[in-house]
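Q: Questions regarding the structure given below will be posed in turn.
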Amino acid sequence: MQVLRCFLGGLLLMGLSLHSLGAIETQPAHENAALPGEKESAENHEGTAKEKFEPGTFIFDHIGNAHEWHIITIGQTHVTIPLPVILYSKSKGLDIFMSGKFHHGHETYKGYTLETEGEKKGKIVAEDGSLPLDLSITKNVAALFFGIFLILWIFLTVAKAYKRNPLKPPSGLQAFIEPVIFFMRDEVIKPSIGEKHYEKYMPYLLTLFFFIFINNLLGLIPIPPGGANLTGNISVTFVLALFTFIITTVNGTRNYWKHIFNTPGVPLWLKIPIPLMPLVEFLGVFTKPFVLMIRLFANITGGHIIIMGFVCLIYVFSEMSAGLAYGVSIVSISFNIFMTFIELLVAFLQAFIFTFLSSLYFGMAIEEEHH
Amino acid sequence: MGLLTPDTGTIIWTFIGFLAVFLILKKFAWKPILHAIKERDDSIANALKAADKAKQEVSRLEASNEKILMEARLEREKIIKEARELKESMIMDAKNLAKIESKKMVDEARESIKNEKTAAINDLKKQVAELSVSIAEKVLASELADGDKHKELIDRTLHDIRFM
């Protein structure tokens, strides 16, 4: 019952954040289209006028990936943590250097340029216009490494405590983790997969849950090494969904595939001559992990966008008048605090839903035939 | 950089990173943690089972103790009853025995008195006879000094004993 309620709440929240994402995403697109012209004319008219604040660019720079980790901009000085750039191209081979060499895209280094405008913004482009294989430790990858380090540290410490006294009641970090493990095991994994096989999937599902949860939480911390929109990055959610997809497909029983290609209990005309049901079911194999990928990405990105949006409000109003900006900042910051609390809930909820649905898919894949 | 287009570099790093985390945690964290949790669950379940068993054992022992106590009480009553009966019978026996013994003694005494009496009577008879014989002898000796008298005596005596 509880699980169901959580799940429904999650769906509701998901819908809300998707909605808000859609609303905000269209906005900057308009602005981006309108702004370059406007900006040009402003520059033409006033010359050295103060650069106009663009909320769209501001937000998308923060939630997107980058080759350097931006901390603060004071006046015209960007304070960033330079990150290593690793490039491989067939013509030039392997190149490793620090992203500081680009001077925020102002300079070309070893024939590579960091695009700052246009369609390839943020990408490293070779002189001939081709894109090398970019294996750089970008902001997200650095955040990923930090997250991995934190997860390994937490769980190896906890494991040590368990190894020392397996029969003692948990204490410290262990007492923090254990109820979550119990919750995941008894409320999520065991009911979805079944008493018989659930133990086999425990390590993956627990890793998945804590990986998403801890990285979600790290994303809420505004300063490095937190603050990167890691679990709201489509590449990351793609990999996570890919793992679930691979495990589901590899462990699928004969019964699972039979349900897909020859669904029992479905009228024959839906299968022959046009294999409508098999087609739909087969598509379902891919849409399930695809939805996992989109859901996590959209929720976390949506949350980041909302929080950034509230911050932007202050800057937008400050361009009108300072007094207005002070007034708005009070509202903005209170909403931000409120949103951050909601995001804490979402951080848990999304990790929970991803794990819950993954275990449901595993449960479906290994289900025995029953009548 | 499109928000919705996956980036090869990030995919590769995430794939490697997540796989590494999964494999390391699986071997070094989840294995001992889940093992320990299971072990503890088992030990708690076993302890509960053992406690339940002990409780049953105690109640069983209590019942049996009660039974033993009851039996002991019955046994005691039986023993006391038996002892009482034994006492009664012993007293009765002793009484009977004493009665018989005393009767026997009285009988014996009576017998011996009777015997003594008979003996005494016999003795007296004998002594009287002897005395009378000796008296008779003396009388006879004096009577039979002459012949007639002698004969007369014989006749009288014979007459007395209705010999003639």
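The values are calculated or read from the model by the stated rules, or taken from the named source; none is laboratory data. Remember, it's a predicted structure, so these values are computed and weren't measured experimentally. A quick note on method: Cβ atoms are made from the backbone with ideal geometry, for glycine too, and the neighbour counts reach across all protein chains shown. For the accessible areas, the whole protein counts, side chains as well, though only heavy atoms, and no ligand, DNA or RNA atoms are used. Shrake-Rupley method; radii C 1.70, N 1.55, O 1.52, S 1.80 Å.
Q: With the structure loaded, tell me whether A:Ala298 is modelled with pLDDT under 90 and within 14 Å of chain B (Cβ to nearest Cβ) or whether it fails that test. Give the steps one after another, and end with the answer.
A: On the way: modelled with pLDDT under 90: no; within 14 Å of chain B (Cβ to nearest Cβ): yes.
No: the conditions fail for A:Ala298.
Q: Filter region A:111-137 for residues that are open to solvent by 60 Å² or more (accessible area, probe 1.4 Å) and either in contact with a Leu (Cβ under 8 Å, 6 or more places away or on another chain) or among the hydrophobic types (A, V, I, L, M, F, W, C) (or both) and give the result.
A: A:Lys120, A:Lys123, A:Leu131, A:Leu133
Q: So, in region A:212-224, exactly how many residues are open to solvent by 10 Å² or more (accessible area, probe 1.4 Å) and either closer than 13 Å to A:Phe356 by Cβ or not in a helix (DSSP H, G or I) (or both)?
A: 5
Q: Which residues, taken from region B:16-55, are open to solvent by 40 Å² or more (accessible area, probe 1.4 Å), over 24 Å from A:Tyr162 (Cβ atoms) and over 60 Å from the mean Cα position of the chain (by Cα)?
A: If the condition is that a residue be open to solvent by 40 Å² or more (accessible area, probe 1.4 Å), over 24 Å from A:Tyr162 (Cβ atoms) and over 60 Å from the mean Cα position of the chain (by Cα), then B:Ile16 is the only one that fits.
Q: What number of residues in region A:225-246 are open to solvent by 20 Å² or more (accessible area, probe 1.4 Å), more than 9 Å from chain B (Cβ to nearest Cβ) and within 28 Å of A:Met364 (Cα to Cα)?
A: Of the residues in that region, 2 qualify.
Q: Find the residue count for region A:83-109, including only residues that are closer than 30 Å to A:Ile300 by Cβ, at pLDDT 80 or above and open to solvent by less than 60 Å² (accessible area, probe 1.4 Å).
A: The number of residues fulfilling the criteria is 8.
Q: Being within 8 Å of another protein chain (Cβ to nearest Cβ) and polar (S, T, N, Q) is the filter here, so list the residues in region A:135-165 that pass it.
A: Listed by number, the residues that qualify are A:Ser136, A:Thr138, A:Asn140.
Q: When you look at A:Phe209, is it over 30 Å from A:Ile81 (Cα atoms) and in a helix (DSSP H, G or I), yes or no?
A: Details: over 30 Å from A:Ile81 (Cα atoms): no; in a helix (DSSP H, G or I): yes.
No, not satisfied.
Q: Does region B:6-15 include one or more residues that are surrounded by fewer than 10 Cβ atoms within 10 Å (Cβ to Cβ) and not in a helix (DSSP H, G or I)?
A: No, region B:6-15 contains no residue that is surrounded by fewer than 10 Cβ atoms within 10 Å (Cβ to Cβ) and not in a helix (DSSP H, G or I).
Q: Pull out all pairs, ordered by first then second residue, where Cβ-Cβ is under 8 Å, the residues are six or more apart or on different chains, the first lies in region B:56-71 and is assigned to a helix (DSSP H, G or I), and the second is open to solvent by less than 90 Å² (accessible area, probe 1.4 Å).
A: none
Q: In the list A:Tyr326, A:Tyr315, A:Tyr256, which residue meets the criterion of being more than 30 Å from A:Ile177 (Cα to Cα), in a helix (DSSP H, G or I), touching a Pro at 6+ places or on another chain (Cβ under 8 Å) and among the aromatic types (Phe, Trp, Tyr)? Talk me through it step by step, then tell me what you get.
A: Values: A:Tyr326 fails: touching a Pro at 6+ places or on another chain (Cβ under 8 Å); A:Tyr256 fails: touching a Pro at 6+ places or on another chain (Cβ under 8 Å).
Residue meeting the stated conditions: A:Tyr315.
Q: Let me ask something else about it. Output the number of the condition that A:Gly265 fails; it satisfies all remaining conditions of (1) small (Gly, Ala, Ser); (2) more than 14 Å from chain B (Cβ to nearest Cβ); (3) in contact (Cβ under 8 Å) with a residue 40 or more places away in the chain.
A: Unmet for A:Gly265, out of (1) small (Gly, Ala, Ser); (2) more than 14 Å from chain B (Cβ to nearest Cβ); (3) in contact (Cβ under 8 Å) with a residue 40 or more places away in the chain: (3).
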